[in-house]
Amino acid sequence: MKIDPNMDPTEFWQQHYEKATPQTSGRPTAVLEKFVTDRTPGAALELGCGKGDDAVWLAKNGWAVTAIDISATAMGYARANAVRNGVLEKIAFDQRDLMTDFPTGSFTLVTAQFLESPVVFARNSIINCASRLVVPGGLLLATSHGSVPSWSWEKPDKYYPKPKEALENLNLDLGQWTKVCVDNLERLAKGPNGEEGMVLDTVIALERKG
């Protein structure tokens with residue numbers, strides 16, 4: 001599928017979710033579960049909530065979640081997901097374009113799981129802005145694709161930054177952070193039509209110093 005990289009992001013993601021089924025896996029992102037399970041729940045900000053599985057999992061585990069996505073349809077799917085799981089009152093769903101309209105607040109967790117886009121998107125700047133909302137002792141958790149699965153819309157030879165480079169691209173003041181994980185982690189992934197394959201996730205997990 002050929003994608004115009006200059007397409008309006010709101011239009012692109014709205015069309016993407018309109019074509020998608022409202023069904024979800026019912027499971028959180030593996031990296032989120034790995035790094036957050038043992039942390040004390042607090043206020044969480046999720047950037048790019050999609051259909052809401054991560055937000056629902058966080059809410060079920062005691063977190064007060066602010067879940068953001070650019071697509072109205074994704075928001076609808078995520079709300080329905082929260083209703084099915086009895087956690088709607090624990091999640092504040094917030095539709096907005098993070099490139100033009102950024103949230104405020106203080107959070108013990110900021111999570112950006114695969115906050116990536118084939119159309120214009122200032123990912124590194126957005127995560128940098130979000131990092132400023134993390135309180136001392138809080139976690140910034142950003143995961144991106146580190147390899148191309150066979151079912152991806154990306155070109156097979158796409159370049160993915162190595163973990164150290166990905167961290168540098170965020171332009172953070174690393175003196176304010178303790179590195180929990182800056183690495184590539186391997187995972188068995190499933191595609192939209194049931195495809196399976198091993199992929200790499202580039203994981204940046206940082207804890208703000210007190």
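The values are calculated or read from the model by the stated rules, or taken from the named source; none is laboratory data. All figures in this text were calculated on a predicted structure; none of them were measured in a lab. Positions of Cβ are generated from backbone atoms using ideal geometry, with glycine treated the same way; all protein chains shown enter the neighbour counts. What goes into the accessible areas is simple: the full protein's heavy atoms, side chains included, and nothing from ligands, DNA or RNA. Shrake-Rupley method; radii C 1.70, N 1.55, O 1.52, S 1.80 Å.
Quick notes on this one:
- Residue within region 124-137 that is in contact with a helix residue (DSSP H, G or I) (Cβ under 6 Å, 6 or more places away or on another chain) and farther than 22 Å from residue 184 by Cβ present: no
- Residue in region 161-185 that is surrounded by the most Cβ atoms within 10 Å (Cβ to Cβ), counting only those that are over 16 Å from the mean Cα position of the chain (by Cα) and in a loop (DSSP other than H, G, I, E, B): 172
- Flag if residue 52 is at pLDDT 95 or above and under 16 Å from the mean Cα position of the chain (by Cα): yes
- Of the set (1) open to solvent by less than 60 Å² (accessible area, probe 1.4 Å); (2) at pLDDT 95 or above; (3) touching a Pro at 6+ places or on another chain (Cβ under 8 Å), all apply to residue 35 but (3).
- Here 26, 52 are screened, and the one residue that is open to solvent by less than 30 Å² (accessible area, probe 1.4 Å), at positive phi and in contact with a helix residue (DSSP H, G or I) (Cβ under 7 Å, 6 or more places away or on another chain) is 52.
- Selected residue [in contact (Cβ under 8 Å) with a residue 60 or more places away in the chain and surrounded by fewer than 22 Cβ atoms within 10 Å (Cβ to Cβ)] from 70, 126: 126
- Selection within region 73-87 - surrounded by fewer than 17 Cβ atoms within 10 Å (Cβ to Cβ) and aliphatic (A, V, I, L, M): 80, 83
- The set of residues in region 142-174 that are modelled with pLDDT under 70 and on the phi > 0 side of the Ramachandran plot is empty.
- Any hit, region 13-22, residues being in contact with a Cys (Cβ under 7 Å, 6 or more places away or on another chain) and either open to solvent by less than 70 Å² (accessible area, probe 1.4 Å) or free of Cβ contacts under 8 Å to residues at least 40 places away in the same chain (or both): no
- Residues that are more than 25 Å from residue 27 (Cβ to Cβ) and part of a helix (DSSP H, G or I) occur in region 129-147; there is at least one.
- In region 170-188, the residues that are closer than 14 Å to residue 141 by Cα reach residues that are basic (Lys, Arg) and in a strand (DSSP E or B) with C-beta atoms within less than 9 angstrom, at least six apart or across chains, in these pairs: 177/208; 178/208.
- Qualifying helices (runs of 4 or more DSSP H) (wholly inside region 1-98; at least 2 residues being more than 24 Å from residue 137 (Cβ to Cβ) and not acidic (Asp, Glu)): 9-19, 72-84
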